[in-house]
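To start, the structure itself, in structure tokens.
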Amino acid sequence: MSRLPFHLLPDTAAVDGAGELTIGGLRLTDLAGQFGTPLFVYDEAHIRRRCREAVDAFGGGVAYASKAFLCLAIARLVHDEGMCIDVASDGELHVALAAGVPADRLVLHGNNKALGELDRALEVGVGRIVVDSSDELDRIESLVAAGRPRPRVLIRVTPGIEVHTFDAVQTGQEDSKFGFGWRNGAAEAAVARASESAAMDLVGVHVHIGSQVFSVDNFATAIETVAPLVTALDLPEFCIGGGLGVAYVEGEEGAGIGAWAAAIHRVCERAGIRSKVTAEPGRSIVAQAGVTVYSVGTIKDLPGIRTYVAVDGGMSDNPRPVLYGSGYETFLPRSVAADRPATVRVVGKHCESGDVLVREGRVPADLRVGDVLCTPVTGAYGHSMGSNYNKVARPPVVFVRDGDARLVVRRETLDDLVLRDLPLS
């Protein structure tokens, strides 16, 4: 028998007198009835609390990594809570600006920033540009020569270390598309060039070693590796990036933002780094704030093999299991504290055998067609990496808080699916 580990649920999750799960004071089954399924539900109080933890730990320069989850509402929320926002494309930049976030509170990332992206960033006055290549230095110099404002930049250094995480989300190893290598001398050369260039103001060094990293020791190694460069330059800023791991399944425990920050500050102090230390958390801000709500459409029992439970979403709203083999828990919000003795494979509705959401999902024995089924810890990289595969409309997003539900992203309609198509002649 296995019950759902409650530490995976959002902060305001509770069980009411009928045994139903509530988040933000509202039953998930009621939200499913009101907004339909699939549905992303976010605990607004949870997100605000994590933002405040990050600001308390790193100061007002800490940036929310918006690739984890971005819409107008979340951009406004994290800004209101005192965070900057890390944007990695012209599109993310556009959304943040549309939400009313001042450009000087934005940090522009990207390993292949197009000339047009950089041009707009300089035009609106983004607060920081994290430079990722020599070609980018060329582009910035050409834009400033043509009359654009001189930006403040950080040089992204690849420290040459590998961490225990999925290969696809490692970024700190030598064989990486990101940043300037430390061991081959490229980082020092880039720093020298940027510091001597009249086209930019070099304000710091940036390091990011990967995503879903649980060990603080990995961050310590990265800091110790680049410490000689950081201390020699004595620049105002040193950004350790993001990547703090969060728990997704039973048996996993993630460090809190405060503990992570305290460990980083200790290592930096020990290494003699006097720069202002900041970070770019994303997953750790929103992942556990969100759950995805589905409806069970079919149950297929294959004797001696397995039972397939198909829901009305799938890889189009959560591609992480397909991309990374990521694991998730399953539960029924109508009986969230119930034992889960049955093991099933939760699959989506897409015409793809690989459309698997939970390979070994645990559910109560009385699971039935029509049930509302949930996967927790889907607040990061579900909505943001979603697609319209099979022309499936993307789900809506609801923020819940103190008994109120606020629709922040509406459900796509079938007409939305042809909005960009040109008329047939």
Q: Please go through segment 205-232 and pick out each residue that is of a type outside the set (A, V, I, L, M, F, W, C) and either touching a Lys or Arg at 6+ places or on another chain (Cβ under 8 Å) or part of a loop (DSSP other than H, G, I, E, B) (or both).
A: HIS206, HIS208, SER211, GLN212, SER215, THR231
Q | Residues within segment 270-304 that are in contact (Cβ under 8 Å) with a residue 60 or more places away in the chain, under 21 Å from GLY243 (Cβ atoms) and outside any loop (DSSP other than H, G, I, E, B), tallied | A | 11
Q. For segment 279-297, how many residues meet the condition of being in contact with a Lys or Arg (Cβ under 9 Å, 6 or more places away or on another chain) and surrounded by fewer than 20 Cβ atoms within 10 Å (Cβ to Cβ)?
A. 1
Q: Just need a number here: residues in segment 235-269 that are assigned to a helix (DSSP H, G or I) and within 22 Å of the chain's Cα centre (by Cα).
A: 8
Q: Assess whether ILE85 counts as being in contact (Cβ under 8 Å) with a residue 60 or more places away in the chain, among the hydrophobic types (A, V, I, L, M, F, W, C) and either buried (at least 16 other Cβ atoms within 10 Å of the Cβ) or under 24 Å from GLU44 (Cβ atoms) (or both).
A: no
Q.
of a type outside the set (Lys, Arg) and under 19 Å from GLY243 (Cα atoms): which single residue out of GLY59, GLY100, GLY33 fits that description?
A. GLY59
**Q.** Test set (1) outside any strand (DSSP E or B); (2) more than 30 Å from ASP56 (Cα to Cα) - TYR308 fails condition number
**A.** (1)
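One line per residue, one yes/no per condition, for (1) among the small types (Gly, Ala, Ser); (2) crowded, with 18+ Cβ neighbours inside 10 Å; (3) assigned to a strand (DSSP E or B):
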residue: SER353; (1), (2), (3): yes, no, no
residue: LEU357; (1), (2), (3): no, yes, yes
residue: ALA365; (1), (2), (3): yes, no, no
residue: GLY379; (1), (2), (3): yes, yes, no
residue: PHE399; (1), (2), (3): no, yes, yes
Q: Please tell me if ARG156 is surrounded by 23 or more Cβ atoms within 10 Å (Cβ to Cβ), assigned by TED's automatic domain parsing to the domain that holds ALA88, not in a helix (DSSP H, G or I) and not small (Gly, Ala, Ser).
A: yes
Q. Which one of ARG410, ARG406, ARG420 is surrounded by fewer than 23 Cβ atoms within 10 Å (Cβ to Cβ) and either of a type in the set (A, V, I, L, M, F, W, C) or touching an Asp or Glu at 6+ places or on another chain (Cβ under 9 Å) (or both)?
A. ARG406
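Residues checked against (1) surrounded by fewer than 16 Cβ atoms within 10 Å (Cβ to Cβ); (2) in contact with a Ser or Thr (Cβ under 9 Å, 6 or more places away or on another chain); (3) at pLDDT below 95:
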site: PHE6; (1), (2), (3): yes, no, yes
site: PRO10; (1), (2), (3): no, no, no
site: ASP43; (1), (2), (3): no, yes, no
site: CYS51; (1), (2), (3): no, no, no
Q: Give segment 381-397 a look and list any residue that's surrounded by 18 or more Cβ atoms within 10 Å (Cβ to Cβ), among the hydrophobic types (A, V, I, L, M, F, W, C) and either outside the structural domain of PHE331 (by TED's automatic domain parsing) or in a loop (DSSP other than H, G, I, E, B) (or both), or say none.
A: VAL392
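The values are calculated or read from the model by the stated rules, or taken from the named source; none is laboratory data. Because the structure is predicted, anything quoted here is derived from the model rather than measured. Glycine gets a Cβ as well: all are built from the backbone with ideal geometry, and neighbour counts include every protein chain shown.
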